[in-house]
1. Kindly provide the set of residues from the stretch 551-597 that are surrounded by fewer than 20 Cβ atoms within 10 Å (Cβ to Cβ), part of a loop (DSSP other than H, G, I, E, B) and of a type outside the set (A, V, I, L, M, F, W, C), ordered by number.
2. Being on the phi > 0 side of the Ramachandran plot and touching a Lys or Arg at 6+ places or on another chain (Cβ under 8 Å) narrows it down to one of GLY347, GLY354, so name that one.
3. So is ALA486 over 12 Å from ILE563 (Cβ atoms) and open to solvent by less than 10 Å² (accessible area, probe 1.4 Å) or not?
4. Across the stretch 433-455, which residue is farthest from LEU345 (Cα to Cα) among those that are in a helix (DSSP H, G or I) and open to solvent by 30 Å² or more (accessible area, probe 1.4 Å)?
5. Of the residues GLY220, GLY228, only one is of a type outside the set (D, E, K, R) and closer than 20 Å to ALA201 by Cα; which?
6. Identify all residues within the stretch 233-270 that are of a type in the set (Asp, Glu) and either without any contact (Cβ under 8 Å) to a residue 24 or more places away in the chain or part of a loop (DSSP other than H, G, I, E, B) (or both); write none if there are none.
7. Quick check on the stretch 354-398: of everything there that is among the aliphatic types (A, V, I, L, M) and either outside any strand (DSSP E or B) or at pLDDT below 95 (or both), which residue is most open to solvent (accessible area, probe 1.4 Å)?
8. Just give me the residues in the stretch 510-536 being free of Cβ contacts under 8 Å to residues at least 24 places away in the same chain, open to solvent by 40 Å² or more (accessible area, probe 1.4 Å) and not in a loop (DSSP other than H, G, I, E, B), in sequence order.
Amino acid sequence: MLSPSFSPDGRYLLWTSPTVVESQVHQLMVLDTSRESEPVALTGGVFHDSSPAFTADGKHIAFLSTRTLDPHYDDHEFNLSFAGSVRPWLLPLSAAEPAPFGPSAEGWPVSGGRTGDAADTATAGTGGTDAPASPDLDAEHAEQRIVPFPVPSASYRDLRTAQGGVLWIRSAQETGELGTRRAGVSGEAAGDELIRWDVAARKATTLVDKVDSYAVSGDGSRLVVRAGEKVTAVPSTRKVEKDDDAESVTVDLERLRLTVDRSAEWAQMFEETCRLMSQQFWREDMDGVDWDAVVDRWRPVVAKVRTDDDLHDVLWETVGELNTSHAYVMPAEGDAPGSARKLGLLGADLEPAGAQGWRITRILPSESSEPEARCPLRAPGVDAREGDLIAAVDGRPVDPVAGPNAQLAGAAGKPVLLDLRRGSGEDGAVGAAGGVTRRVVVVPLASEEELRYQDWVRSRREYVAQASQGRLGYVHVPDMSSPGWAQLHRDLRLAAEHEGIVVDVRYNRGGHTSQMVLQRLSKQLVAWATARWETGVEPYPSSAPRGPVVFVANRWSGSDGDIVNAAAQAMDLGPVIGERTWGGVIGIDGRFTLVDGTTVTQPKYSFWIDGYGWGVENHGVDPDIEVVHDPSVWFSEDDPQLDRAVAEALERLRQTPAATPPSLGAPKNRG
């Protein structure tokens, strides 16, 4: 049950309930508490309904729903997708009750709402002597009576009713899941807005420009709005235009004082963790573990806890007795002292070169489609080259022992002056001409992880191309979430132009997009398309593999990284080459936190996979062809797992050559 609320007179209890897959599709449910009856479904669960609330007159239910199907074309592949599909909707309880907008037999006065209409929309309470009586529910054809509020569909959330209207938050939608749409853009991003639908005026206005969350007072006249660290109380009926408005009150959070009994808090956190696990674990029988006995055994240890770290250790040990993946205890993140002053990194390999500075031995290549994979030394105007010396940072000579890092401490993301010297000898001594020194500005990175990752992918792509003499394409999928989806689309179109594809899912961190990845890789080429003035012939479906697909996995391919390999085997999509995978496929949604912000997860969503049954958990996916990447070759140029994948793909091409485009043939008109 989500978002439970009562009608103003307390007669009806309203909530949303999951249909098949929890948290993805919910339907409206209502229970008439005035008589013995079963809950009634008001909507069919075809679309995701959320945030239901009664209007104050008890006559209508307002809610949000994904009932807009208005696709737009994808910019990176031939595909259509849906975004901004949420809209506020209204459902009259009685079939004879009109909506408070749209046509009316009585007409609409110019100065206000409909004559005799009591539909001001204060927050629904739990009943009372003055609360208006709700009408009898006409459950038959209820879903056919719903009407949309006359506002465009967008990304809305958190609908509530208030005095004289209905409120919801409209998300700014300036960025995607990765936030790269605003890469390099200065200024603060637009925030989510709090929208008010005024029943009497029959129009929507922006009530608050920036909001993270909000709450409505009991009488519906006031709101408490949180935006970042700022909490403000404002009226619910109008926008506050001036800072000195008497009805706008900033809540002084500095005056808050809190005394915590840590021992009592730790005991409560332990009990809460154990209760959540018993309620949410994927099997009600806890897969044979006597959970009550486990809890009883560890409960006395909690009394001996003296620090947060102690408690987290106890929680880890307790949930670990379930022998199930994804049972995590993650302390609330806090900024460590000095964390804002990160070491600046130049995206290069350096070595000491005597008193003249440190030599650049290698500059990592940038990847323009990934903002975090920019190399500072490749920025416009820098013109750094391998072999150059970094002689000074911000005018101070580079320490010959410590290197430039001493001057780059706290410089991440900030402009820094480098003195680059070109023309020095191999030993660092300045040549006869003294070398050429240039002063340039760079903006160091806080992390080189993405830059070095993209360089590794490039090296593996080139490795496969060289080993296969250009016949095979290569893609790496680092995870089964947004970063991995973006990475797949960096390489898949070009990889599919080759005779076969090596799909590398080593080190895959998991996620939830494996079925989408498999859909792309399992396309079957059945036709070709061409057009005048276009070079080449396009396969149909687009980016369909022309030949074999082989997968490469290792012990760090986990969670959805397990599933993608097991599913590829079940679909006979291609062999899995490498090592047995991690073995953790009972997933989580991570919705619960403890009182101090610690996140605790409950293994909840299990997988049965053809060929493995329920057996991937705690075992992993066995490769079709085992190739162990021995630690002795981790840092060598050789990659035996890719070598075997290339050999397997080429052998399959020998047996079944890749599809090739047909010739146009002779013209039909020969006269």
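1. Matches in the stretch 551-597: ARG555, ASP572, ARG580, GLY583, ASP589, GLY590, ARG591, ASP596, GLY597.
2. On the way: GLY354 fails: touching a Lys or Arg at 6+ places or on another chain (Cβ under 8 Å).
None of the other options fit; the residue is GLY347.
3. Judged against the criteria, ALA486 is not a match.
4. So in the stretch 433-455, the residues in a helix (DSSP H, G or I) come out as 449-455.
With open to solvent by 30 Å² or more (accessible area, probe 1.4 Å) added as a condition, the list becomes 449-450, 452-453.
Details: GLU449: 11, GLU450: 12, ARG452: 12, TYR453: 15 Å.
Among them, the one singled out is TYR453.
5. Working: GLY228 fails: closer than 20 Å to ALA201 by Cα.
Exactly one residue qualifies, and that residue is GLY220.
6. Going residue by residue through the stretch 233-270, those that are of a type in the set (Asp, Glu) are 241, 243-245, 247, 252, 254, 261, 265.
If the condition is that a residue be of a type in the set (Asp, Glu) and either without any contact (Cβ under 8 Å) to a residue 24 or more places away in the chain or part of a loop (DSSP other than H, G, I, E, B) (or both), then GLU241, ASP243, ASP244, ASP245, GLU247, ASP252, GLU254, ASP261 are the ones that fit.
7. Looking only at the stretch 354-398, we keep the residues that are among the aliphatic types (A, V, I, L, M), and these are 355, 360, 363-364, 373, 377, 379, 382, 384, 389-393, 398.
Now drop any that are not either outside any strand (DSSP E or B) or at pLDDT below 95 (or both), which leaves 355, 364, 373, 377, 379, 382, 384, 398.
Working: ALA355: 92, LEU364: 1, ALA373: 0, LEU377: 2, ALA379: 37, VAL382: 0, ALA384: 3, VAL398: 7 Å².
Filtering the stretch 354-398 for residues that are among the aliphatic types (A, V, I, L, M) and either outside any strand (DSSP E or B) or at pLDDT below 95 (or both), the one most open to solvent (accessible area, probe 1.4 Å) comes out as ALA355.
8. GLN519, ALA529
The values are calculated or read from the model by the stated rules, or taken from the named source; none is laboratory data. What you are looking at is a predicted structure, and each value in this text was computed from that prediction instead of being measured. For neighbour counting, all protein chains shown are included, and Cβ atoms are generated from backbone atoms with ideal geometry for every residue, glycine included. For the accessible areas, the whole protein counts, side chains as well, though only heavy atoms, and no ligand, DNA or RNA atoms are used. Shrake-Rupley method; radii C 1.70, N 1.55, O 1.52, S 1.80 Å.
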